[in-house]
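The values are calculated or read from the model by the stated rules, or taken from the named source; none is laboratory data. If you're wondering where the values come from, they're calculated on a predicted model, not measured in any experiment. Here the Cβ positions follow ideal geometry from the backbone for every residue, glycine too, while neighbour counts run over all protein chains shown.
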Amino acid sequence: MTSSGESSSRRNATSADAEQKQLSPLSIITLQNIKNRPHQKSNRKLPGGAVRYFDNNDPRYSWLLDGWLAEERHVPSGRLYRYYYDLVGRQYRTKIKVLCAWEKMGVIFIHP
């Protein structure tokens, strides 16, 4: 317990809630879609690791479309993994794959 009488688990839950509140309503729906997929790796616990989600409200990911999410997984070795998710929860491993998916959807045009 801290001097304020708040346990660390409560602080962590509060910071997770605050982080989720920064997501747009459409992004929160996407996050629920990701969490509801039983085979999704994001549902696994990372001992000593941390997982955070961002949408286009974060300056680093302002290029994302509404409802798309970026996931950052920090593992104990210090390595950072980034994954991107569309509105239905499909995972993309790179920004290039996201842009290619958008081109296939007709959202953007990539000129060779």
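Please determine, by comparing only the residues of region 45-77 that are exposed (fewer than 15 other Cβ atoms within 10 Å of the Cβ) and in a strand (DSSP E or B), which one is modelled with the lowest pLDDT. Only one residue tops the list, namely A50. Entry remark, region 15-39: residues being in contact with a Phe, Trp or Tyr (Cβ under 9 Å, 6 or more places away or on another chain) and modelled with pLDDT under 75 number 2 in total.
One residue alone among L99, L87 is touching a Ser or Thr at 6+ places or on another chain (Cβ under 8 Å), closer than 22 Å to L23 by Cα, not basic (K, R) and not in a strand (DSSP E or B), and that residue is L87. Would it be correct to say that N12 is surrounded by fewer than 14 Cβ atoms within 10 Å (Cβ to Cβ), over 11 Å from the mean Cα position of the chain (by Cα) and at pLDDT below 95? The answer is yes for N12.
Determine whether region 99-107 contains at least one residue that is in contact with an Asp or Glu (Cβ under 8 Å, 6 or more places away or on another chain) and not aromatic (F, W, Y).
Checking region 99-107: at least one residue is in contact with an Asp or Glu (Cβ under 8 Å, 6 or more places away or on another chain) and not aromatic (F, W, Y).
Within region 78-107, if we keep just the residues that are over 20 Å from the mean Cα position of the chain (by Cα) and farther than 20 Å from S27 by Cα, the residue that is modelled with the lowest pLDDT turns out to be G106.
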